[in-house]
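The values are calculated or read from the model by the stated rules, or taken from the named source; none is laboratory data. Model, not experiment: these values are computed from the prediction. Quick reminder, even Gly has a Cβ in these numbers, built from the backbone with ideal geometry, and neighbours come from all protein chains shown.
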Amino acid sequence: MAKVSSIFISGFFSNAMAATASIEANVPKLTTSSTAREDRIITLEEVSWHDHARDCWIIIYDRVYDVTDFLEEHPGGADILLEYAGREASVAFRGCGHSAQAIRALDRFFIGELPMHERIFRKPGGFRLNDLPE
Ligand code: HEM
């Protein structure tokens, strides 16, 4: 189920986008240091296997985070993170109005990024968060 929904979401957005804008213009600058480590490519399918409390990966803005050790630490609670275990969580992350500190904290958990063809945001013509209603 996780695999199907993740792939569906990615497909939906990628079909809907026009290929015009630059990659980095589409998303907020999340970290200063993660770019140097963006060498591990992780597919949606691989992420979908890490979908439980002892092994929990989530995707935010096409980057993959291993939040297993963060579950009990998360100020919003473990349960809400587990709802997105193995899945795409960008809109939920943004919708909660996370602070700049929370955005910086993402870097601690970064493990890789999606291949270009599976991305929603960080690709030519990618989805712009500003297009979403508040
Ligand atoms: C690695 C990913 C995440 C990190 C590092 C993170 C970090 C944080 C931090 C530091 C806070 C405290 C408030 C703030 O500074 O903004 C917070 C609150 C919160 N987070 Fe996350 N978060 C993550 C993912 C998510 C996701 C995917 C959701 C899904 C909806 C979520 C939902 C919430 C909620 C609802 C709160 C508010 C708690 C409250 O004010 O009572 N978080 N998060």
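Residues of segment 38-60 that are under 21 Å from D79 (Cα atoms), away from the ligand (no atom under 16 Å from the Cβ) and either in a loop (DSSP other than H, G, I, E, B) or at pLDDT below 95 (or both): R54 alone. The set of residues in segment 99-126 that are more than 7 Å from the ligand (Cβ to nearest atom), part of a loop (DSSP other than H, G, I, E, B) and exposed (fewer than 15 other Cβ atoms within 10 Å of the Cβ) comprises P115, P124.
On the basis of being more than 21 Å from W57 (Cα to Cα) and either more than 12 Å from the chain's Cα centre (by Cα) or of a type in the set (A, V, I, L, M, F, W, C) (or both), does L129 make the cut? Yes: the conditions hold for L129. If you go through segment 77-98 and keep only what is modelled with pLDDT of 95 or more, within 6 Å of the ligand (Cβ to nearest atom) and not in a helix (DSSP H, G or I), you end up with Y84, A89. Across segment 49-108, the qualifying residues are those that are touching a residue at least 12 places away in the same chain (Cβ under 8 Å) and among the polar types (S, T, N, Q), and the one among them that is farthest from R119 (Cα to Cα) is T68.
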